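Quick notes on the structure that follows.
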């Protein structure tokens, strides 16, 4: 699918400012939409919006369908009367620049439980009707998610493979009994999802009405500790004890001599095919209801994926296994039509990956930080792009542009200086400018690059399980000239309307276009 020529910002809502320890769907999200408008940006790209599990990673969620309860705007719940002013006054001294998830979760979940109790005590008829309608519409995934989270609470967070045998097997009698026992807890988790979806769609409408499209993200694989695996065990490679027999990752490469062992259970694609890929289609459908465009992470895994025996501690002893390829995407397209998908085609890319991507006209990704390690034929260099491409200065997995340039090899820095014609004093703006000038249909920049931050603002370090996903900023780090400069670059490169940019006059004797 060919997208409108545009540019935008990569920023996960958790990184936004706010009084409750992390960003959420409240006032700062709306203010950021307004900032995007002023800066002439048409895209707001985010990471997966699901409930983060292991390592606080949005790529290891408890559900492929649910929203992150920690993103719920507590102030909106107070405005509805479900929290009192006093409930939101006992705020701990949260770090303004880093999310300390343990403290944030304790505070926010306590407030959500209070709000849930108040809702079920004194809801209006309209509110209850809306809640019940939501539960009915989302029943296909919501019942399993709410029950899964409730049982996790009952078992103090234990992995689901350690639960009672009847719950592992989901026998009808055990399921009926546990639903009755945990009814109030189930109601709480359903309430959080209702709140998330209400607030999310209000924010999305606000953005769309102002010309901003939301770019979402789907991880190709899902977490083992998730409602989806527990509820659909036959769709994954599990042993008799319901533990994965093989797991996902990537082989050893330049960046890691042992590769990356992600640990996600691998799909049983044969079983998926026999069910006409219905689970995966529902996943895509639900995500496309939440966002306008979706980026599929690790797209190459649909052509072929690295299978690691679950008994292996590293990714070294794995093997390439053929993925579902066109069968999956033909089935999705048959049900959903042409899809606004960006293919994350990074890593070890083989001809079959390119063929699959191009078969559906999905734009691939180009990362400028990868452009200067080779020669002039490097596909990440702007002169080698095609228009059906999305270019990034860097992604959530990269250092910031300033951090990258400061640690690049001398050869890379010299290549950058000659290619761009810069000394690198404002390398973040240099990369934003050449990305914008390229023929790539879309250009996306991490917000850290726009406001000129270094390695301290890095979002994720691949291969490191702890200490990621915690960066956040404050509004005093954002200057008015940041938006103005980005607007001018975008206007001069036809990525936004040019009615506000002050172009220099044409020299005398030159005809204006």
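Taking the options 173, 150, 161, name whichever one is modelled with pLDDT of 95 or more, buried (at least 19 other Cβ atoms within 10 Å of the Cβ) and more than 21 Å from residue 76 (Cβ to Cβ). Lay out the reasoning, then the answer.
Numbers: 173 fails: buried (at least 19 other Cβ atoms within 10 Å of the Cβ); 161 fails: buried (at least 19 other Cβ atoms within 10 Å of the Cβ).
Selected residue: 150, the only one of 173, 150, 161 that is modelled with pLDDT of 95 or more, buried (at least 19 other Cβ atoms within 10 Å of the Cβ) and more than 21 Å from residue 76 (Cβ to Cβ).
Considering only helices (runs of 4 or more DSSP H) fully contained in segment 390-504, which possess at least 2 residues that are in contact with a helix residue (DSSP H, G or I) (Cβ under 6 Å, 6 or more places away or on another chain) and modelled with pLDDT of 95 or more? Break it down into steps so the answer makes sense when it comes.
Working: elements: 401-407, 410-416, 427-437, 447-450, 480-492.
By residue number, 401-407, 427-437, 447-450, 480-492.
State all residues of segment 286-295 that are part of a loop (DSSP other than H, G, I, E, B) and surrounded by fewer than 19 Cβ atoms within 10 Å (Cβ to Cβ); if no residue qualifies, say none.
Residues of segment 286-295 part of a loop (DSSP other than H, G, I, E, B): 291-292.
Hit for segment 286-295 is 292, nothing else.
Taking segment 347-359 on its own, how many of its residues are in contact (Cβ under 8 Å) with a residue 40 or more places away in the chain and either surrounded by 15 or more Cβ atoms within 10 Å (Cβ to Cβ) or under 27 Å from residue 402 (Cα atoms) (or both)?
Number of matching residues: 7.
Looking at segment 275-300, I want the residues that are free of Cβ contacts under 8 Å to residues at least 40 places away in the same chain and have a partner that is surrounded by fewer than 17 Cβ atoms within 10 Å (Cβ to Cβ) with Cβ atoms under 9 Å, at least 6 apart or on another chain. Which pairs are those?
Close Cβ pairs (under 9 Å, with a partner that is surrounded by fewer than 17 Cβ atoms within 10 Å (Cβ to Cβ)) amount to 278/335; 289/201.
This table checks each residue for (1) within 29 Å of residue 237 (Cα to Cα); (2) modelled with pLDDT of 95 or more; (3) out of contact with any strand residue (DSSP E or B) (no Cβ under 7 Å at 6 or more places or on another chain).
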site: 302; (1), (2), (3): yes, yes, yes
site: 324; (1), (2), (3): yes, yes, yes
site: 340; (1), (2), (3): no, yes, no
site: 348; (1), (2), (3): yes, no, yes
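Given the residues 199, 233, 184, which is the only one that is at pLDDT 95 or above and under 20 Å from the mean Cα position of the chain (by Cα)?
Details: 233 fails: under 20 Å from the mean Cα position of the chain (by Cα); 184 fails: under 20 Å from the mean Cα position of the chain (by Cα).
Criteria check complete, one pass: 199.
Name the single residue that is farthest from residue 468 (Cα to Cα) among those in segment 344-369 being in a helix (DSSP H, G or I) and under 21 Å from the mean Cα position of the chain (by Cα).
If we filter segment 344-369 for residues that are in a helix (DSSP H, G or I), which is where we start, we get 351-359, 368-369.
Retained after the next criterion (residues that are under 21 Å from the mean Cα position of the chain (by Cα)): 357, 368-369.
Values: 357: 30, 368: 22, 369: 20 Å.
It comes out as 357.
Do we have any residue at all in segment 72-79 that's under 21 Å from the mean Cα position of the chain (by Cα), at negative phi and in contact (Cβ under 8 Å) with a residue 24 or more places away in the chain? Show your work before the answer.
Filtering segment 72-79 down to residues under 21 Å from the mean Cα position of the chain (by Cα) leaves 72-73.
From the residues that got through so far, the ones that are at negative phi too are 72-73.
Filter again for in contact (Cβ under 8 Å) with a residue 24 or more places away in the chain, leaving 72-73.
Yes: segment 72-79 contains one or more residues that are under 21 Å from the mean Cα position of the chain (by Cα), at negative phi and in contact (Cβ under 8 Å) with a residue 24 or more places away in the chain.
Name every residue in segment 307-330 that is buried (at least 19 other Cβ atoms within 10 Å of the Cβ) and either touching a helix residue (DSSP H, G or I) at 6+ places or on another chain (Cβ under 7 Å) or part of a strand (DSSP E or B) (or both), in order of residue number.
Keep residues of segment 307-330 that are buried (at least 19 other Cβ atoms within 10 Å of the Cβ), which gives 308, 315, 318, 323-324, 328-329.
Of everything in segment 307-330, those that are buried (at least 19 other Cβ atoms within 10 Å of the Cβ) and either touching a helix residue (DSSP H, G or I) at 6+ places or on another chain (Cβ under 7 Å) or part of a strand (DSSP E or B) (or both) turn out to be 308, 323, 324, 328.
Among the numbered criteria (1) in a helix (DSSP H, G or I); (2) more than 29 Å from residue 314 (Cβ to Cβ), which single criterion is violated by residue 161?
(2)
Looking at residue 250, is it touching a residue at least 40 places away in the same chain (Cβ under 8 Å), farther than 20 Å from residue 141 by Cα and under 24 Å from the mean Cα position of the chain (by Cα)?
Working: touching a residue at least 40 places away in the same chain (Cβ under 8 Å): yes; farther than 20 Å from residue 141 by Cα: yes; under 24 Å from the mean Cα position of the chain (by Cα): yes.
Answer is yes for this residue.
Out of segment 395-406, which residues are touching a residue at least 24 places away in the same chain (Cβ under 8 Å) and farther than 23 Å from residue 46 by Cα?
The initial filter retains those residues of segment 395-406 that are touching a residue at least 24 places away in the same chain (Cβ under 8 Å), namely 395-404, 406.
The one that is touching a residue at least 24 places away in the same chain (Cβ under 8 Å) and farther than 23 Å from residue 46 by Cα: 406.
Consider residue 344 carefully, then state whether it is over 21 Å from residue 272 (Cα atoms), surrounded by fewer than 15 Cβ atoms within 10 Å (Cβ to Cβ) and either out of contact with any strand residue (DSSP E or B) (no Cβ under 6 Å at 6 or more places or on another chain) or at pLDDT 95 or above (or both).
Values: over 21 Å from residue 272 (Cα atoms): yes; surrounded by fewer than 15 Cβ atoms within 10 Å (Cβ to Cβ): no; either out of contact with any strand residue (DSSP E or B) (no Cβ under 6 Å at 6 or more places or on another chain) or at pLDDT 95 or above (or both): yes.
No; evaluated as a whole, the condition is false for this residue.
Suppose the filter is at pLDDT 95 or above, under 30 Å from residue 156 (Cβ atoms) and either touching a strand residue (DSSP E or B) at 6+ places or on another chain (Cβ under 8 Å) or buried (at least 18 other Cβ atoms within 10 Å of the Cβ) (or both); does residue 248 pass it?
Yes, satisfied.
Would you confirm whether or not segment 273-282 contains a residue that is farther than 28 Å from residue 12 by Cβ, surrounded by 21 or more Cβ atoms within 10 Å (Cβ to Cβ) and touching a helix residue (DSSP H, G or I) at 6+ places or on another chain (Cβ under 8 Å)? Give the derivation first.
Here is the first cut: in segment 273-282, the ones farther than 28 Å from residue 12 by Cβ are 273-278.
Filter once more, so that each one left must be surrounded by 21 or more Cβ atoms within 10 Å (Cβ to Cβ): 277.
Next, only the ones that are touching a helix residue (DSSP H, G or I) at 6+ places or on another chain (Cβ under 8 Å) stay: 277.
Yes; the residues of segment 273-282 include at least one that is farther than 28 Å from residue 12 by Cβ, surrounded by 21 or more Cβ atoms within 10 Å (Cβ to Cβ) and touching a helix residue (DSSP H, G or I) at 6+ places or on another chain (Cβ under 8 Å).
Which one of 362, 445, 380 is touching a strand residue (DSSP E or B) at 6+ places or on another chain (Cβ under 8 Å), within 20 Å of residue 295 (Cα to Cα), surrounded by 17 or more Cβ atoms within 10 Å (Cβ to Cβ) and free of Cβ contacts under 8 Å to residues at least 40 places away in the same chain? Reasoning before the result, please.
Working: 362 fails: free of Cβ contacts under 8 Å to residues at least 40 places away in the same chain; 445 fails: free of Cβ contacts under 8 Å to residues at least 40 places away in the same chain.
Unique residue meeting the criteria: 380.
Return the only residue of 209, 217 being under 30 Å from residue 395 (Cα atoms) and in contact (Cβ under 8 Å) with a residue 24 or more places away in the chain.
217
The values are calculated or read from the model by the stated rules, or taken from the named source; none is laboratory data. Here the structure is a predicted model, which is why all the values come from computation and not from measurement. Neighbour counts are summed over all protein chains in view; Cβ atoms, including those assigned to glycine, are modelled from backbone coordinates with ideal geometry.
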